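The values are calculated or read from the model by the stated rules, or taken from the named source; none is laboratory data. Just so it is clear, the model here is predicted, and its values are computed rather than measured. With ideal geometry, Cβ positions are generated from the backbone for all residues, glycine too; neighbour counts draw on all protein chains shown.
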Amino acid sequence: MKISAALIMKNEEDNLSRLLKSLQGKFDEIVVVDTGSEDRSIEIAKSFGCKVFQKEWNGFADARNFAIQKCSGDWIWHFDADFELEESEFEKFRKVVEYLKEYDKNCTLEAIFVKVKNYGLDGTIKGISSQAFIHRNKNTIRWIGNIHEELLAKSSHDFNIYVNHFGYSKSNVQIQKAYRNLELIKKDLDLFQKDKRKYFIKLFYLFQTIDILATHDTEMLKDVDLYLKEFKQLKEKFKDERQMHFFIYYAHVYIADILRILKKYDEGLQFCREALDTSPIYPDIYIAKARILEENNQINESVDTYLNFLVEVEEYEKYNFNRNGQMVVIDNYSQVNLIIEKIAKSLGNDEILIKVNNLWKSKRSKFAGLILAFYYYFRNHKKLYKHLDKLYKKYNEDERVLQCLLLIYEKIDQKRAYIIAKRLHGLNNKNLVANRFLGLYYKQHDAYEQALLYLNNVLLINEDITVISLYIDVLKKAGFGKEAVKLEKHLKELKNFPFRR
């Protein structure tokens with residue numbers, strides 16, 4: 001059975017090699033549709049043996065449908081240029097195809113969902129989304145929508161197949177894509193005027209995008225009242241449909257935050273209350289509420305609400321991890337460590353400190369435990385070491401706990417920090433905190449080649465250039481003097497280059 005990989009791209013030279021290396025040797029063909037690249041993207045694609053076609057840009061669905069026309073495989077797997085496919089995940093897919101070939105001879109299953117691990121530059125997964133990126137090559141299957149496009153297929157299934165996604169790891173990239181997405185979403189709102197279900201979902205994406213942009217550009221807020229009116233009307237139409245609850249709930253999260261930016265605090269809190277009455281409950285609404293309270297100088301209430309967020313996250317984790325042990329949905333999951341430190345620094349309030357202590361003693365809550373760890377560290381408390389030991393014994397398989405422990409131990413006990421860093425790196429070799437610590441640790445112990453391995457990760461995976469001077473020094477001491485001189489020269493040239501703002 002022939003398998004095609006399909007890719008649409010524009011100006012993706014920074015991402016393309018990573019993806020194509022991960023696809024090489026797995027697919028019978030790689031079809032690339034370029035929509036107007038002005039960089040080396042086409043050259044890179046051809047160097048990997050891809051079949052490259054050019055198409056005028058007319059939205060994502062149009063480009064993907066054009067790619068389908070150029071594919072000759074029995075199955076087509078769609079990728080974005082900032083994806084990466086691991087060998088183990090392709091093997092899962094191959095076994096699924098073999099199974100379907102044997103037991104689905106009538107081809108009743110038409111599409112397969114792919115889960116997308118969205119990585120941040122710190123090497124941790126910020127969230128997991130899902131999309132039907134794999135389908136049979138049938139002329140009845142097509143994509144619709146300019147943005148957040150949807151695959152139209154009669155039947156689909158989720159086999160827990162994953163890809164890595166690095167496209168939103170940089171905040172400036174997220175902003176650039178949000179501006180692009182906003183125009184495409186507005187086109188879709190016009191396109192789906194008569195289909196109220198699709199229109200309502202596009203409104204959800206509109207609020208999500210406006211929330212991203214409004215902090216940087218208040219011009220985004222000028223038509224919000226009009227969209228809010230439409231949202232309120234349509235919400236009543238769909239509020240009893242279970243499959244729409246996610247869109248209704250998260251629209252409330254984004255709208256509440258938009259109202260915070262507009263300083264309409266009472267209205268924002270009303271949306272928070274409405275979200276808490278919506279099922280199912282996701283913890284993110286507590287972040288929107290806490291930020292409103294914080295800006296409105298209700299500090300104690302804000303800290304308590306941040307704590308409620310952590311309590312709900314921990315409860316959510318127990319029931320909503322997928323089979324690979326990753327959280328499926330929580331927008332603010334990446335903010336947990338910052339929130340833990342924020343609460344720890346503000347624990348002058350006896351009532352909240354008692355609440356945190358009770359959560360740790362009665363439930364052994366890991367987040368309560370971490371709040372106390374930072375609280376003891378900030379105050380040089382005598383209980384610190386004993387408490388850290390308890391956390392490590394109970395949660396030594398938890399990446400988040402290990403990362404927080406490493407941040408504390410690297411300041412108070414280098415030997416213990418090394419043990420934790422190695423364990424953390426074993427769980428996730430992309431973790432910035434582990435890579436940076438181990439690179440510095442081996443450099444301090446004159447193990448320069450080992451230091452280079454970890455500093456390479458910091459630069460190439462985490463893109464943290466704050467270690468560049470350290471990296472050059474380690475290169476020289478490891479016997480790579482010529483490479484170090486070349487890098488120094490290159491950096492000097494970059495410094496003098498008149499970058500366009």
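When region 116-128 is filtered for residues that are assigned to a loop (DSSP other than H, G, I, E, B) and among the hydrophobic types (A, V, I, L, M, F, W, C), only L121 remains.
There is no residue in region 231-238 that is assigned by TED's automatic domain parsing to the domain that holds L203, in contact with a Cys (Cβ under 9 Å, 6 or more places away or on another chain) and within 18 Å of K202 (Cα to Cα). Evaluation of F27 against the conditions (1) over 25 Å from F113 (Cβ atoms); (2) assigned to a loop (DSSP other than H, G, I, E, B) shows that the sole unmet condition is (1). Between residues in region 455-470 that are closer than 12 Å to F437 by Cα and touching a residue at least 12 places away in the same chain (Cβ under 8 Å) and residues that are part of a helix (DSSP H, G or I) and hydroxyl-bearing (S, T, Y), which pairs lie under 6 Å by C-beta distance while being six or more apart or on different chains? That search, which allows pairs on different chains as well, returns L455/Y471. Against the criterion of being farther than 16 Å from K202 by Cα and part of a helix (DSSP H, G or I), N172 qualifies. Comparison of F113, F133 shows that the only residue that is among the hydrophobic types (A, V, I, L, M, F, W, C), assigned to a strand (DSSP E or B), surrounded by 21 or more Cβ atoms within 10 Å (Cβ to Cβ) and within 27 Å of the chain's Cα centre (by Cα) is F133. Tell me, please, whether a residue that is more than 19 Å from L19 (Cβ to Cβ) and not small (G, A, S) can be found in region 116-123. Within region 116-123 (the criterion being more than 19 Å from L19 (Cβ to Cβ) and not small (G, A, S)), the answer is yes, since at least one residue qualifies.
Kindly provide the set of residues from region 41-60 that are of a type in the set (D, E, K, R) and surrounded by 15 or more Cβ atoms within 10 Å (Cβ to Cβ), ordered by number. Matches in region 41-60: K51, K55.
Residues in region 386-399: is at least one in contact with a Ser or Thr (Cβ under 8 Å, 6 or more places away or on another chain) and either at pLDDT below 95 or over 16 Å from N308 (Cα atoms) (or both)? Yes; the residues of region 386-399 include at least one that is in contact with a Ser or Thr (Cβ under 8 Å, 6 or more places away or on another chain) and either at pLDDT below 95 or over 16 Å from N308 (Cα atoms) (or both). Is there a residue being over 26 Å from the mean Cα position of the chain (by Cα), in a loop (DSSP other than H, G, I, E, B), under 22 Å from Q131 (Cβ atoms) and not small (G, A, S) anywhere in region 62-74? Yes: one or more hits.
Where helices (runs of 4 or more DSSP H) fall entirely within region 371-449, those with at least 3 residues that are closer than 29 Å to D473 by Cβ are at 399-412, 414-427, 432-444. Is it the case that region 79-101 has a residue that's charged (D, E, K, R), surrounded by fewer than 17 Cβ atoms within 10 Å (Cβ to Cβ), part of a loop (DSSP other than H, G, I, E, B) and at pLDDT below 95? Checked against the condition, which is being charged (D, E, K, R), surrounded by fewer than 17 Cβ atoms within 10 Å (Cβ to Cβ), part of a loop (DSSP other than H, G, I, E, B) and at pLDDT below 95, region 79-101 yields no hits at all. Taking region 450-461 as the range and being in a helix (DSSP H, G or I) and of a type in the set (V, I, T) as the test, only V458 passes. For region 258-315, a residue qualifies if it is in contact (Cβ under 8 Å) with a residue 12 or more places away in the chain and assigned to a loop (DSSP other than H, G, I, E, B), and the qualifying residues are L262, K263, T278, S279, P280, I281, Y282, P283, N296.
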